[in-house]
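Okay, so here's the structure we're looking at.
Here, each number is a calculation from the coordinates, and none is a lab measurement. Treat the numbers as computed from the prediction; the structure is a model and nothing was measured. Glycine gets a Cβ as well: all are built from the backbone with ideal geometry, and neighbour counts include every protein chain shown.
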Amino acid sequence: MTSTPLPERASWKALQEHHAEIGDRHLRELFAEDPARGERMHAEAAGLYLDYSKNRVTGETLRLLTDLARESGLEEWRDRMFRGERINTSEGRSVLHVALRMPKGSSLVVEGVDVVAQVHEVLDKMAAFAERVRSGEWTGHTGKPIRNVVNIGIGGSDLGPVMAYEALRHYSRRDLTFRYVSNVDSTDIAEAVRDLAADETLFIVSSKTFTTAETLANARSARDWLVGELGAEEAVARHFVAVSTNAERVAEFGIDTANMFGFWDWVGGRYSMDSAIGLSTMVAIGPENFRELLAGFHDMDEHFRTAPLGENLPVLMGLLAVWYVNFFGVQSIAVLPYEQYLKRFPAYLQQLTMESNGKRVTRDGAVVGHDTGPVYWGEPGTNGQHSFYQLIHQGTRLIPADLIGFGKALNPVRDHHDLLMANVFAQAQALAFGKTEEEVRAEGTAPEVVPHRVMPGNRPTNVLLAEELTPRLLGALVALYEHSVFTQGVVWGVDSFDQWGVELGKVLAGQIAPELTADAEPELAHDSSTNTLIRRYRALKNA
Ligand code: F6P
């Protein structure tokens, strides 16, 4: 395994030279020279077909990029992750989300413990609970069955569950209502509960640490609301369960630890939607579908673990991102699902990608001499086409995009699905090939309008196609991005599993909060801007 700084690696230097040669080449030329590249440049695994032919690469680029992955130790780091070694070095932790989806009966012994056995113990407990709620056997304080489930959590304890609920809504129990409360803004909890009957509502407080300020504030307010509505403190026991690694704090909050679903410090928050953090997902879609979701994750894990680098979907996608970020200066990547049910997928990916690879030092603590994680963003198509695609087509920034589409609609209506998919193929085509000045002129366009109508093209895309959005497919899709982020992190040499950058803001908010609530004018010792803003806020709130 190498610790050679990235710019000194032989494969990096070779890529720099290669970029000088082909960086300016147009996709029109690349397709003209190699007309069959669209038939050849694809990879397939776990139900996902990736067409990467509309990237600014040649066969040589891919060979050099896989050399880079090899020279960066990708295979060794990957194997270390799968063995449960403590590759999250700054926190001294293993990174074992892959164990969350290993099949029942398999085994992974890490530091003397069979973690797969632990995982299935919790999954079975979750399944029993989910069935009790779904069947109406679990009743609330007044004896009524549960009709509403409210997950309270933030970051990885919210984004995965809400994304998965939206993505798999088609498979969910429509007679149950699911809500997700994350923001400490009181509007979030107030709007979530305003039309719910407290005696039919179950709160799942999801927090790995059970110390997160926003989640505890929301959980306390939910408890106040419930006790206020039902007039009985003891109602809490039937209406609150917890998902956490911290039994002590759960008990302190007043939730019976018999109703706590555990997980482990080797599951990062943003990698936890397939742990007990997915309890709300399981209640929504049922244990069988949840197991299918896990099977899809595992399909992709196995592909990532065993497929040669050049045919490995997550490796290819990770390396393509590295190619654009480090050699073309790309700052952001768009993820554009042409599937309404995936509307929260870009938001989910933002935490996965940016909390993982938004790092400025390597594992050894040296400041990197190269760019790391790009900004990920996106919206479902075709909506985005009528808002921000203009900038992707004709703006001055290069924004590679992932377009995700399906062969079958889950709600077929007339010809909507063909229309939707026509847009996937049309956008990828327009982005790649554009429209030349000659073509625009040949259409009889007024000369002064010609420059406005020229479409430069040469905008790269990945197109991901699958048959249908099923629980299994969703698992594979999420794992694809997880391992693509891993691939990038290994090349950049960063710890993709810590998130120290979010700490300072949390500490400062903890210091400032009492200054906002104090009755008497507080002594302020911040910078002059912060002091002035705090004084102005206090004046506004008391006006
Ligand atoms: O914002 C930092 C973070 O630790 C995320 O990584 C995590 O997903 C989120 O907070 C929530 O943490 P917890 O599940 O411990 O409440």
At 0.36 nm per residue, and after removing the present C-alpha to C-alpha distance, how many nm does the segment from residue 33 to residue 305 gain when stretched out fully? 94.5 nm
For the range 443-543, what's the radius of gyration and Dmax over Cα atoms, in angstrom? 26.3, 73
How would you rank 81, 300, going from fewest to most other Cβ atoms within 10 Å of each one's own Cβ? 81, 300
Rounded to the nearest 10 degrees, what's the angle between the helix 416-433 long axis and the longest principal axis of the chain, both from Cα atoms, 0 to 90? 50 degrees
When DSSP beta bridges are limited to those with both residues in the chain, what percentage is antiparallel, rounded to the nearest 5? 30 percent
Between 0 and 90°, nearest 10: helix 313-327 axis offset from the chain longest Cα axis: 70 degrees
3J(HN,Hα) from dihedral phi, the range 477-492, Karplus parametrisation 6.51/-1.76/1.60, rounded to Hz, x for glycine, proline: 5, 5, 5, 4, 6, 4, 6, 5, 4, 4, 4, 4, x, 5, 4, 6
Looking only at the range 40-186, where both bridge partners belong to it, what percent of the DSSP beta bridges are antiparallel (to the nearest 5)? 60 percent
Segments 524-535, 309-320 sorted - mean Cβ within 10 Å per residue, highest first: 309-320, 524-535
If the convex hull of the alpha-carbon atoms of the chain is projected onto planes in all directions, what is the mean projected area in square nanometres? 30.2 nm²
Given a Förster distance of 30 Å, report the FRET efficiency between residue 371 and residue 295 from their Cβ-Cβ distance, rounded to the nearest 0.05. 0.25
As an exercise, identify the GluC sites (Glu not before Pro) in the range 119-197 lying in DSSP coil whose Cβ has no more than 16 other Cβ atoms within 10 Å. 137
With a ≥ b ≥ c taken as the square roots of the eigenvalues of the C-alpha gyration tensor of the range 371-530, please select rounded if a/c is under 1.5 and otherwise prolate if a/b is larger than b/c or oblate if it is not? prolate
Using alpha carbon centers only, the range 471-543 is separated from the range 1-47 by a whole-angstrom value of 37 Å
Diffing the range 389-403: the Karplus 3J(HN,Hα) column from phi (6.51, -1.76, 1.60, θ = phi - 60°), in whole Hz with x for Gly and Pro, holds 4, 3, 5, 5, 6, 10, x, 8, 9, 8, 10, x, 9, 9, 10
Evaluate the distance, in nm, between pseudo-label points positioned 7 Å from the Cα of residue 364 and of residue 217 along their respective Cα→Cβ axes. 4.2 nm
Looking only at the range 3-25, which residues have a backbone nitrogen under 19 Å from a spot 7 Å from the Cα of residue 83 in the C-beta direction? 3
Calculated from backbone phi, Karplus (6.51, -1.76, 1.60) coupling profile of the range 493-509 in Hz, x at Gly/Pro: x, 9, 8, 7, 10, 9, 7, 4, x, 8, 6, 4, x, 5, 5, 5, 4
Calculated FRET value between residue 391 and residue 504, using beta carbons and R₀ = 45 Å, to 0.05: 0.90
Which peptide among 450-461, 21-32 comes first, and what is the full order, when sorted by highest mean count of other Cβ atoms within 10 Å? 450-461, 21-32
Quick note, the range 270-348: a/c under 1.5 would make it rounded; otherwise a/b > b/c is prolate and the rest oblate (a ≥ b ≥ c, C-alpha gyration tensor); here it is oblate
0 to 90° range, to nearest 10: angle between helix 115-135 axis and the chain longest Cα axis: 70 degrees
Among DSSP beta bridges lying fully in the range 324-426, give the percent that are antiparallel, nearest 5. 10 percent
List the trypsin sites (Lys or Arg not before Pro) within the range 159-265 that fall in a DSSP loop (any state other than H, G, I, E or B) and whose Cβ has at most 13 other Cβ atoms within 10 Å. 174, 194
Going fewest to most other Cβ atoms within 10 Å around each Cβ, 199, 185, 402, 274 line up as 185, 199, 402, 274
With n ≥ 4 as the cut-off for DSSP H runs, can you work out [θ] at 222 nm for the chain, using -39500 (n - 2.57) per run divided by the number of residues, rounded to the nearest 500? -14000 deg cm²/dmol
Filter the trypsin sites (Lys or Arg not before Pro) in the range 46-155 to those in DSSP coil with at most 15 other Cβ atoms within 10 Å of their Cβ, and list the result. 86, 104
